[in-house]
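Comments concern the structure below.
The values are calculated or read from the model by the stated rules, or taken from the named source; none is laboratory data. Computed from a predicted structure; not experimentally measured. Reconstructed Cβ throughout: ideal geometry from the backbone, glycine too, with neighbour counts over all protein chains shown. For accessibility, only protein heavy atoms count, side chains too; no ligands or nucleic acids. Shrake-Rupley method; radii C 1.70, N 1.55, O 1.52, S 1.80 Å.
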Amino acid sequence: MNSVQHDAVFKKMEEWAPLSLAYDWDPVGLQIGDASHTTKRVMTTLDVTESVVDEAIQYGVNLIISHHPLFFKSIQHIDAQLPKGKIIQKLMKHDITVYASHTNLDVAEGGVNDMLGGALALKQMRPLQPTQSENLIKVVVFVPKDYATSMKEALGNNGAGYIGNYSHCSFETIGTGSFKPLEGSNPFIGTTEKVEEVEECRIETIVEEKDLAEIIQVMKQEHPYEEVAYDLYPVQQSGKTYGLGRFGELDSPLPLLEFSEQVKVAFEMDHIRFAGDSNKPIQKVAILGGSGEKYISQALKQGADVYITGDTTFHPVQEALDSGLAVIDAGHYIEKIMKENTKDFLTNEFPDMNIVVSSVNTNPYQFV
């Protein structure tokens, strides 16, 4: 395997699930360890428990990628006789780094909630609770006519011009550009101290703000001129919307009881619970991994027939039923779906990397 440092793995995780998508209370990213160390073997896990760390030690893992952060709250001291202290001591002793991707992975495209919705074959998915929209910037660049096609292709291939399900979107007009190269310049076209007129194209495209610096760099590399003339305009439209949970539809309605059985199988759970008329037709589905009780109102607002989440309590579910919304509490542990999917993502990015999925069941509940 080619030598890869932990921070290269972090970078790829953050391209998938940018830290900016995380809630401000969520301590995502590096939890403990050294980002500069070489990655030997990676383990994906939902939680970092002592059993998971023991498993990592057994398999020679030196980087753990978890969903739930190891440190949700600041610690004042490390006592190796206490559970958290034991975990920290073992991680440090065996030189194991821990990185967490939590609410940012919940929100991200292809993240935990998309995984959950995909497992149920939901169609036309959108965020259940929007949290933010990407700012858009219009980029305008002036380029000689003969270079317009290559410029548009370079910009489009690097992420510019995405509108909905369309890529490489742009508009161009032809005009005349004029300039006078001054002493000390090295003009691609024209003569020093002489005004030159050139047939040029004005190319307009749209860019997500987070990609702007990279697009400008690509534009300058592709442009034949020594000095590139370009404009940047903020636009009022919002770009891609990110958010918690997903809302989607089944191909055809199913009775609540039958759909609940499908949920149980899809998420490989031994036990789930549901509230509502077992014969109620279910087609519009809202789902949110983890503790989603406080988003019941959002599921109602979007017109869901059923809301799937975990950690629900008596009275809010009773109120949901009174409002006509069925509820399936599949448990917080359905988020375990991220383990295999995160392995698949990292394998695609680092084909030669040794990656294992934790087999430890970190669900604190047992059922009788």
Notebook entry, point to check: Pairs under 9 Å by beta carbon, first residue free of Cβ contacts under 8 Å to residues at least 60 places away in the same chain and under 16 Å from G159 (Cβ atoms) in the stretch 9-20, partner open to solvent by less than 70 Å² (accessible area, probe 1.4 Å) and of a type in the set (D, E), six or more apart or different chains?
Noted result: E15/E349
Item checked: Candidates E227, E258, filtered to the one that is free of Cβ contacts under 8 Å to residues at least 60 places away in the same chain and in a helix (DSSP H, G or I) -> E258
Checklist line | Selected residue (criterion: nearest to G190 (Cα to Cα)) from residues of the stretch 255-264 that are open to solvent by 40 Å² or more (accessible area, probe 1.4 Å), out of contact with any Leu (no Cβ under 8 Å at 6 or more places or on another chain) and not aliphatic (A, V, I, L, M) | finding: K264
Margin query: Can you find, within the stretch 280-308, the residue that is least open to solvent (accessible area, probe 1.4 Å) among those that are part of a loop (DSSP other than H, G, I, E, B) and under 12 Å from E249 (Cα atoms)?
Written below: A304
Check: Does the stretch 143-162 include one or more residues that are of a type in the set (A, V, I, L, M), within 24 Å of H6 (Cα to Cα) and in contact (Cβ under 8 Å) with a residue 40 or more places away in the chain?
Finding: no
Margin query: For the stretch 1-47, give me each residue that is of a type in the set (G, A, S), in contact with a strand residue (DSSP E or B) (Cβ under 9 Å, 6 or more places away or on another chain) and surrounded by 17 or more Cβ atoms within 10 Å (Cβ to Cβ).
Written below: A22, G29, G33
Checklist line | Single condition G331 does not satisfy, out of (1) crowded, with 21+ Cβ neighbours inside 10 Å; (2) on the phi < 0 side of the Ramachandran plot | finding: (2)
Item checked: Considering residues of the stretch 186-207 that are among the aliphatic types (A, V, I, L, M) and part of a loop (DSSP other than H, G, I, E, B) only, the residue nearest to the chain's Cα centre (by Cα) -> I189
Next item on the list: Could you tell me which residue of the stretch 234-249 is nearest to D106 (Cα to Cα), considering only residues that are surrounded by fewer than 19 Cβ atoms within 10 Å (Cβ to Cβ) and of a type in the set (S, T, Y)?
Entry: T241
Note to self: Checking R273 against (1) open to solvent by 60 Å² or more (accessible area, probe 1.4 Å); (2) under 22 Å from K123 (Cα atoms); (3) of a type in the set (K, R), only one condition comes out false. Which one?
What the structure shows: (2)
Note to self: Go through the stretch 142-170 and report how many residues are aliphatic (A, V, I, L, M) and more than 32 Å from the chain's Cα centre (by Cα).
What the structure shows: 2
Note to self: Against the conditions (1) among the hydroxyl-bearing types (S, T, Y); (2) modelled with pLDDT under 95; (3) within 30 Å of A326 (Cα to Cα), where does T191 fall short? Just the number, please.
What the structure shows: (3)
Check: Taking the stated definitions as given, is S252 modelled with pLDDT of 95 or more, surrounded by fewer than 17 Cβ atoms within 10 Å (Cβ to Cβ) and hydroxyl-bearing (S, T, Y)?
Finding: yes
Next item on the list: Only residues in the stretch 169-187 that are crowded, with 16+ Cβ neighbours inside 10 Å count as the first member; pair them with residues that are among the acidic types (D, E), Cβ under 7 angstrom, at least 6 apart or cross-chain, and list the lot.
Entry: S170/E204; G177/E200; F179/E196; P187/E226
Next item on the list: Would you tally the residues in the stretch 309-319 being part of a helix (DSSP H, G or I) and closer than 20 Å to K264 by Cβ?
Entry: 1
Margin query: Please determine whether any residue of the stretch 45-54 is assigned to a loop (DSSP other than H, G, I, E, B) and out of contact with any Ser or Thr (no Cβ under 8 Å at 6 or more places or on another chain).
Written below: no
Next item on the list: Just give me the residues in the stretch 136-168 being open to solvent by less than 80 Å² (accessible area, probe 1.4 Å) and either in a loop (DSSP other than H, G, I, E, B) or in contact with a helix residue (DSSP H, G or I) (Cβ under 6 Å, 6 or more places away or on another chain) (or both), in sequence order.
Entry: I137, V141, V143, M151, A154, N158, G159, A160, G161, G164, S167
Notebook entry, point to check: What number of residues in the stretch 65-108 are in a loop (DSSP other than H, G, I, E, B) and at pLDDT below 95?
Noted result: 12
Note to self: Which condition from (1) among the aromatic types (F, W, Y); (2) touching a residue at least 60 places away in the same chain (Cβ under 8 Å); (3) open to solvent by 70 Å² or more (accessible area, probe 1.4 Å); (4) within 11 Å of A330 (Cα to Cα) is the one that F267 breaks?
What the structure shows: (3)
Check: A275: in contact with a strand residue (DSSP E or B) (Cβ under 8 Å, 6 or more places away or on another chain), among the aliphatic types (A, V, I, L, M), closer than 25 Å to T131 by Cβ and touching a residue at least 40 places away in the same chain (Cβ under 8 Å), yes or no?
Finding: no
